[in-house]
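The structure appears below as structure tokens.
The values are calculated or read from the model by the stated rules, or taken from the named source; none is laboratory data. A quick note: this is a predicted structure, and the numbers were derived from the prediction, not measured. FYI the Cβ positions are ideal-geometry reconstructions off the backbone, even for glycines, and counts take in every protein chain you see.
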Amino acid sequence: MRKVLMREILYRGKQTATGEWVYGDFVRTSHFGSSNCISDKVTGGCLTVEPETVSQYTGKACKDGKIFEGDLIRYKKEILRVVWRGAGFIAQKRNRRPMTWALVTADGEIVGNRWDNQELWEEA
């Protein structure tokens, strides 16, 4: 019998009320109007988040921690942005050539994300 490996499913988003990043399960509700929430796994509460900031954990990590969609990663002297492309996540250079995950996760450093640090991507 083959062992099935499951990857961790995790989302993050910027909380509407505080602007802080929250992590947990993504929930889209339609009770009392439409809202996007991240469900806190500790308290069970649903924290409303800005919909454009919701991003998924890629299943990859580097020395700084878990890599999420929208993260900006410094690899050597280049800034890469993590995006969903086709059937999976890629680390994309400014000129659109993707990098190999093995290189990014071994030597990359998370330096921000596309929402809080857009200037890093624009300067790349």
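Within the stretch 71-82, does at least one residue satisfy the condition of being of a type in the set (D, E, K, R) and in contact with a Pro (Cβ under 8 Å, 6 or more places away or on another chain)? No - not one qualifying residue is present in the stretch 71-82. Entry remark, the stretch 104-122: residues being surrounded by 14 or more Cβ atoms within 10 Å (Cβ to Cβ) and modelled with pLDDT under 85 number 2 in total.
Does the stretch 34-42 contain at least one residue that is touching a Gly at 6+ places or on another chain (Cβ under 8 Å), of a type in the set (Ser, Thr, Tyr) and assigned by TED's automatic domain parsing to the domain that holds Trp121? There is no residue in the stretch 34-42 that is touching a Gly at 6+ places or on another chain (Cβ under 8 Å), of a type in the set (Ser, Thr, Tyr) and assigned by TED's automatic domain parsing to the domain that holds Trp121.
Within the stretch 29-55, being modelled with pLDDT under 80 and charged (D, E, K, R) holds for Asp40, Lys41. Within the stretch 92-99, not a single residue is among the hydrophobic types (A, V, I, L, M, F, W, C) and crowded, with 19+ Cβ neighbours inside 10 Å. Does Leu80 count as assigned by TED's automatic domain parsing to the domain that holds Trp115, crowded, with 18+ Cβ neighbours inside 10 Å and closer than 17 Å to Trp115 by Cβ? Yes, satisfied.
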